[in-house]
Structure formats: structure tokens, C-alpha cells
Amino acid sequence: MNASYEIRECVEATCRFRFPMATGQLAHERCPWCGGRTQVVRRLAPPGDALSDRRDAAPVALPAMAGLLDNVRSVFNVGSIFRSADGAGLSHLYLCGVTPTPDHRKLAKTALGAEQHVAWSHHRNSVLLADALLAEGWTLWALETHTAAISLLDAPSPPSPLVLVAGSEVTGVDPDLLARCAQCVAIPMAGRKQSLNVATAFGVAAVLLRNCVRNDR
């Protein structure tokens, strides 16, 4: 059963700190900012209740799309990617090298249950996996800030089935894995930094590509 939540607000006129908490957590009835008394100002439905109708609806048939994470080290990034993959309707996440799997107890903190709905498998060698996926008829696209990368906003309609590849937060996509990708795509950046956190970038790319597929097919 999902826990219920409430929003509390500090009653001190000089503070009025407002924050959510699980119902019944007595230790948090005091304001975490000033230590003053708080009161419940709103009660919230258990997370996910608003989506019950959507869960009961018949699933929408979508072209096959999966993700491949090669040596993405942060368990929190991987958890976030699971959540994005679920939202974008990806059928599978291939976790390679040192990429943590849902067996890691901390992954659920950012996956928020998505790891229970997205199929996954772990592979020691991403290049060997890529060769196997290509032999099965998949097309690989790399998400990478490469000189040959094209903007996701200008990318052609993605093929199906498609695997979106993301690499290490530090070193990027393995060159030999990149060589097996038919296309390299990037998110256009307007600021001084030329890249996003890998979890953020993967989520943006997955949703953009998924909507391209749905609009064109």
C-alpha cells in the first residue's frame, strides 16, 4: 500500500517554511528550518493514485525502442534513466560494464519503481552486445557530443527497432561502440556548457525520439 503524504507549513510568521512529508512522521512535525511548530495545510493522495486510470487502459502499441548504457557509473543516474525509459515506453535497458543494475539497493531512490516495469539485462562487453543487436536487426544511435553529431531537433525519423546508446559520464561512448552506431545525435545547447548530465540527456533524447516515432508512423 502506498503511503499518504501531507504538506506542512511553519506557523512562525518570520519563517513560514513549507514542505511535504509522509503522514505520521512525528519527528518532522517541527520545522526543519527554524525548529518552530508546523501545521498540516494540505493532505495529498498516495503517489500514483492519479495514474490508476492510465494503468488500467490498454497499452499503446509503439515501435520497438531500447536503451544501452555503457559504463554509466552513477547508480542515481541509472535509476533516473530507468524512470525516463519507462516514461518514454522503452522496452529494454541493456546495462553494460560497470553500469549498476536494479540489484543495487540505492537505484530505487531515483527510479521510483520504474525498475520494476522496464526489462533489463547486464552485459560485460558493450561492443560484443552491439554486434549481437545489429545481427538481430536493431539500429544503434549514439547520444554523444561528437563532431559528427547532428541535432536531435534536425534528426531524421528514427528507424525501428532502435537502440539509444549513452556512455560514461566522463569518457563518453566507447569509440568501438560508437563505430557501430549508424547515427550520432546531440541535444543543442545554448549556454557555456556543451552537455547535460547523462540522465537528463537520456530522458530528453528518449522522449524526443519517441515522439518522432509516434508522429511519423
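The values are calculated or read from the model by the stated rules, or taken from the named source; none is laboratory data. Quick caveat, the model's predicted, so the values are computed rather than measured. Glycine also receives a Cβ, built like all others from the backbone with ideal geometry; neighbour counts cover every protein chain displayed.
Quick look at the values:
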{"item": "Any chance A132 is assigned by TED's automatic domain parsing to the domain that holds Q194 and either at pLDDT below 95 or touching a strand residue (DSSP E or B) at 6+ places or on another chain (Cβ under 6 Å) (or both)", "result": "no"}
{"item": "Residue in the stretch 95-107 that is under 22 Å from V207 (Cβ atoms) and either β-branched (V, I, T) or out of contact with any strand residue (DSSP E or B) (no Cβ under 8 Å at 6 or more places or on another chain) (or both) present", "result": "yes"}
{"item": "Check on G48, modelled with pLDDT of 90 or more and not basic (K, R)", "result": "no"}
{"item": "So D154, is it in a loop (DSSP other than H, G, I, E, B) and charged (D, E, K, R)", "result": "yes"}
{"item": "Number of the condition not met by L90 [criteria: (1) touching a residue at least 40 places away in the same chain (Cβ under 8 Å); (2) in a helix (DSSP H, G or I)]", "result": "(2)"}
{"item": "Residue that is farthest from G203 (Cα to Cα), among those in the stretch 134-166 that are without any contact (Cβ under 8 Å) to a residue 60 or more places away in the chain, surrounded by 15 or more Cβ atoms within 10 Å (Cβ to Cβ) and of a type in the set (A, V, I, L, M)", "result": "L134"}
{"item": "All positions within the stretch 163-201 that are over 25 Å from F82 (Cβ atoms) and part of a helix (DSSP H, G or I)", "result": "P175, D176"}
{"item": "Criterion (surrounded by 11 or more Cβ atoms within 10 Å (Cβ to Cβ), at pLDDT 85 or above and farther than 30 Å from G113 by Cβ) met by exactly one of R42, R8, R16", "result": "R16"}
{"item": "Count of the stretch 68-84 residues which are aliphatic (A, V, I, L, M) and assigned to a helix (DSSP H, G or I)", "result": "3"}
